[in-house]
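Below: the structure, in structure tokens.
The values are calculated or read from the model by the stated rules, or taken from the named source; none is laboratory data. Note that the structure is predicted; figures quoted are calculated from it, not measured. Glycine gets a Cβ as well: all are built from the backbone with ideal geometry, and neighbour counts include every protein chain shown. What goes into the accessible areas is simple: the full protein's heavy atoms, side chains included, and nothing from ligands, DNA or RNA. Shrake-Rupley method; radii C 1.70, N 1.55, O 1.52, S 1.80 Å.
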Amino acid sequence: MFRGGIILKTPEQIEAMAQAGRIHARCLKMIAQKARPGVTTAELDEAAERFIRSQGAVPSFKGYNGFPASICASPNSMVVHGIPGPYKLQRGDVLSIDIGVTKDGWVADGAVTVIVGGEGPPEAERLLKTTERSLHAGVAAAQPGNRLSDISHAIQRVVEGDGFFVIRSLVGHGIGQRMHEDPQVPNYGPPGRGPVLQPGTVLAIEPMTAVGTDDVYTADDGWSVYSADGSLTAHFEFTVAVTEHGPRILNPWHEL
Ligand code: MG
């Protein structure tokens, strides 16, 4: 069913998305654990693709608008869309890992940011904690009857309340049989705007943040997006269904 451009999902369709989400969550967790010093981002990509296909699923990113890999691996000042390659992870790298999984035609999308080797600069640890907390605040606002920008505002409050920045030009999105559906979900803005959230709305909620700027630029490869000032960045993402009982995280990687 269409409602203001948003494709509402039935409870059965949300269950199908949760199947994709379960595979997604396990994959993301596994790749986050594999992100150790000396491992290349290409090795992470191969491991993710192998796992996804072993589950009878497809890596959603591969070939999407020509993207050449199954995951995005974005270290340090790179916010999103990093192409995996020969780069060897170093202790203290702040690595964002973003993965999409399509199962039976339904897509789950999600991301985490980790500190390679477990320990990094205190500012990195704070940025990651804040950004993950802002994601949960966004999810908590995904209540039926709320408006879309209540999610945006909840994220912005947490991030800016801790003195960090929301990247303005990168947004979350509706998701379903296609990875990107209506509506866009900005990570900032006043509350109480946009469509009323109906049960059956499914959103990829994904705060993208930086230590020192709200602005980004895209590198010459046409994909990699960096913070404008070179400061550290973070990205956390869930696929979330609005249900009559409240928000439901379909790829609960935080519970694994
Ligand atoms: Mg996304």
Meets criteria (out of contact with any His (no Cβ under 7 Å at 6 or more places or on another chain), of a type in the set (K, R) and touching a residue at least 60 places away in the same chain (Cβ under 8 Å)) for K103: yes
Residues being open to solvent by less than 50 Å² (accessible area, probe 1.4 Å) and either touching a Leu at 6+ places or on another chain (Cβ under 6 Å) or part of a strand (DSSP E or B) (or both) - total across region 202-231: 12
Qualifying residue in region 188-200 (condition: within 16 Å of the ligand (Cβ to nearest atom) and polar (S, T, N, Q)): no
Whichever residue in region 69-109 is more than 16 Å from the ligand (Cβ to nearest atom) and among the small types (G, A, S) and, among such residues, is farthest from V39 (Cα to Cα): G105
Filter result (part of a loop (DSSP other than H, G, I, E, B), more than 9 Å from the ligand (Cβ to nearest atom) and open to solvent by less than 40 Å² (accessible area, probe 1.4 Å)) within region 172-185: G176
Flag for L135 being buried (at least 24 other Cβ atoms within 10 Å of the Cβ) and farther than 23 Å from T201 by Cβ: no
Qualifying positions in region 142-171 - more than 20 Å from S77 (Cα to Cα), open to solvent by less than 10 Å² (accessible area, probe 1.4 Å) and hydrophobic (A, V, I, L, M, F, W, C): A142, I151, I155
Answer residue from region 233-256, given it is in a loop (DSSP other than H, G, I, E, B) and surrounded by fewer than 24 Cβ atoms within 10 Å (Cβ to Cβ) and is modelled with the lowest pLDDT among those: L256
Test: residue in region 113-120 that is crowded, with 16+ Cβ neighbours inside 10 Å and modelled with pLDDT under 95: yes
Extreme residue, surrounded by the most Cβ atoms within 10 Å (Cβ to Cβ), among residues of region 39-59 that are within 18 Å of the chain's Cα centre (by Cα) and among the charged types (D, E, K, R): D45
Residue under evaluation V225, criteria (1) under 30 Å from Q33 (Cβ atoms); (2) of a type outside the set (G, A, S); (3) more than 14 Å from the ligand (Cβ to nearest atom), criterion not met: (3)
Filtered residues of region 41-81 (kept if of a type outside the set (G, A, S) and more than 23 Å from T218 (Cβ to Cβ)): E43, E46, E49, R50, F51, I52, R53, Q55, V58
Residue count, region 125-134 (criterion: of a type outside the set (S, T, Y) and within 15 Å of I97 (Cβ to Cβ)): 2
